[in-house]
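Worksheet: one structure, shown below.
The values are calculated or read from the model by the stated rules, or taken from the named source; none is laboratory data. The structure displayed is predicted, hence computed values, not measured ones. Heads up, the Cβs are rebuilt from the backbone with ideal geometry, glycines too, and the neighbour counts pull from every protein chain shown. Protein only, heavy atoms only, side chains kept; ligands, DNA and RNA dropped before computing areas. Shrake-Rupley method; radii C 1.70, N 1.55, O 1.52, S 1.80 Å.
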Amino acid sequence: MAVIKLREKNFKLGCLHGKLQAEDKNSEAHIQRTIFLSQRIKVKRKRNSASIVRVFGYEVPLEKGKSRGRCVDLMGYDEDCNLYIIELKKKEAKDKIEDVICQINDYEKSVKEILPQIQKEFKNAFLFPIEIKFKSIKKMIIAPREFYEGKKKLLTDKTIEYGHFLDKDINIREPRNIVNIHLEK
């Protein structure tokens, strides 16, 4: 297995790259841009309980010397200063859920190694007057509800939150509105 050199800077925080609007409304890129441009998601954990995750990273590159390489789809933080690593999937994704779980767990390991550099760049990119310290890393997979059909028994990694969105949360919404994410039970 090749040794991966992790980035130490230029995580492209707060930046959207590529086209502003994806051509295909069913693409992962469309979902990703919609969530990034809304800047926040509301994670509905229970009937009357939700938390807000402020999204600040889009296709956050992890590898040094590569313009593409391994990238975290979205990165955000909550009111308790927990860092979120978010992996997105579209309804038609052929990925095995076990592979997606391994992928996000691998991303977590890399992010832990370069967390001080990410925190420093976050402070500089968003002009925070104090040093930001993320308390812990949370992992979340977000996909349409249909992605999880027939896979719920495989959602065994309890360190990951498995969320879904409805079509109205992505495709039929006002741009200024928050994106609602419902957790799989």
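Structural remarks
- The radius of gyration of the Cα set in region 20-120, together with its Dmax, comes out at 14.3, 45 angstrom.
- Carbon/sulfur fraction of accessible area - the chain, other protein chains in place, 1.4 Å, %: 51
- Alpha carbon convex hull of region 127-183, projected area averaged over orientations, nm²: 6.0
- For Rg/Rh (Cα atoms, Kirkwood Rh), computed directly from the structure shown, the correct entry in [x] 1.06; [y] 0.94; [z] 1.70 is [y].
- Degrees separating the helix 28-38 axis from the principal Cα axis of the chain, which is the longest one: 70
- Surface accessible to a 1.4 Å probe, per residue, for the residues of the chain, Å²: 57
- Rounded to the nearest 500, the 222 nm mean residue ellipticity of the chain from helices alone is -7500 deg cm²/dmol, with -39,500 (n - 2.57) taken per DSSP H run of at least 4 residues.
- Charged-residue dipole, Cβ positions (Lys, Arg, Asp, Glu), the chain about Cα centre, Debye nearest 20: 280
- Long-range Cα-Cα pairs in region 1-75 (distance over 21 Å), rounded percent: 39
- Shape box of region 20-64 [Cα atoms, principal axes, largest first, Å]: 37, 30, 13
- Between 0 and 90 degrees, the angle of helix 97-125 with respect to the longest Cα principal axis of the chain falls at about 40 degrees.
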